[in-house]
Amino acid sequence: MLIKIAKPSDARESDVTPREIFLNRRSFMAAAAAASGTTLLPAFANDARAALGDVTTNSKYAVPEMPTTFKAATTHNNFYEFGTGKMDPAENAHTLKPRPWSVEIAGHAAKTGTFDLDDILKPHALEERIYRLRCVEAWSMVIPWVGFPLADLIKRFEPTSKAKYVAFETLVDTEQMPLQTRPTLPWPYVEGLRMDEAMNPLTFLSVGIYGEELPNQNGAPIRLVVPWKYGFKSIKSIVKISFVEEQPSTTWNQQAPHEYGFYSNVNPEVDHPRWGQDRERRITGETGFKALFAPKVETLMFNGYADEVAQLYQGMDLRKNF
Ligand SMILES: Nc1nc2c(c(=O)[nH]1)N[C@H]1C(S)=C(S)[C@@H](COP(=O)(O)O)O[C@H]1N2
Ligand SMILES: [Mo]
């Protein structure tokens, strides 16, 4: 990837927007790597990802916070197919082969079948959106995602009126995901959205972060990002998308139904049975002195996306439908 390194004179501090800060962060990381003659993340999988082609910045979806560093976003992950520790996916996900990749589209739709991912992607222009993503474990990140709205894909396959929900499945393959030989979770990892949630303009299918293809540990080659819901709804390494009539089963609900419901909207007023949900630790990736003051910030209703999504739940009791 070609990166323009900004001269210090290019911007005064007062002019610097979060986007410029993160671009500078990218430039800084690349410059540091070039100077040391190493790649960006020598110790981890996927240190050399291909840059994505044309990507338009969608400034409608930006947040005022500074993005998390690339390094933190790719070394602190949840991806149980590669282990339960936060560092495990970065260390283990190199066995995943993101190409060739096929995705099955199934269920109540005019067009269904199994397609090569690149054929599925072809008609979609890629855009970059900076979203907050908050884990139910009360940490969060701010990440520049590259992808396209799930709604655009759904429209192409023409779901019928019987399609009330969309169900998603992650790959099951004990060669690419050797830890699937263990029953850590029931495999495949599955998730689902109500059709109106799936069609909401915020709901995003991501193929990259920071302008590069998704690192394996972040869910290569294609994953969901549903920014107003807890992180576990954002299913990784998707191989199947089904249009279904009944509310689909979801992995964490199967695992602990009293702790994780179908909706899983970020909601500071509804505690997880074992810990609160009104504060979160923002993982910025700053190290050393600054890390001592790692910000604990207030968790916002719908993770800050209430204006866009609150109307989806009008009249619903969000304590019952958690
Ligand atoms: N297939 C699959 N998808 C998954 C998970 C997983 O274990 N397996 N973990 C989820 C959880 S709990 C979170 S918080 C996010 C983390 O995404 P990130 O690692 O890219 O930040 O992925 C979600 N998607
Ligand atoms: Mo999570």
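The values are calculated or read from the model by the stated rules, or taken from the named source; none is laboratory data. As the structure is a computational prediction, the values presented were derived from the model and not from experiment. Just so you know, the surface numbers come from the protein's heavy atoms only, side chains and all, with ligands and any DNA or RNA stripped out. Shrake-Rupley method; radii C 1.70, N 1.55, O 1.52, S 1.80 Å.
Here are the numbers for this structure:
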quantity: Ranked order, Trp228, Trp252 - accessible area, probe 1.4 Å, largest first; calculated: Trp252, Trp228
quantity: Global form of the stretch 8-313, assessed from the alpha-carbon gyration tensor, a/c cut-off 1.5; calculated: rounded
quantity: Ser242, Ser161, Ser102, ranked by accessible area, largest first (probe 1.4 Å); calculated: Ser161, Ser102, Ser242
quantity: Nearest-10 value in Å² for the accessible area of Met301, using the 1.4 Å probe; calculated: 60
quantity: The stretch 168-246: C-alpha gyration tensor shape, a/c 1.5 cut-off, then a/b vs b/c; calculated: oblate
quantity: Distance from the stretch 101-141 to the stretch 249-322 (C-alpha centre basis), Å; calculated: 22
quantity: Greater than 27 Å apart at Cα, pairs in Lys233/Lys320; Lys155/Lys233; Lys71/Lys122; calculated: Lys71/Lys122
quantity: Surface share of carbon and sulfur [accessible, 1.4 angstrom probe, percent] for the stretch 113-229; calculated: 54
quantity: Area accessible to solvent at Lys296, 1.4 Å probe radius, in Å²; calculated: 120
quantity: Sequence-distant aspartates and glutamates (8 or more away, or on other chains) whose Cα lies within less than 18 Å of Lys290; calculated: Glu65, Glu280
quantity: Asp307 - accessible surface, heavy atoms, 1.4 Å probe, Å² rounded to 10; calculated: 150
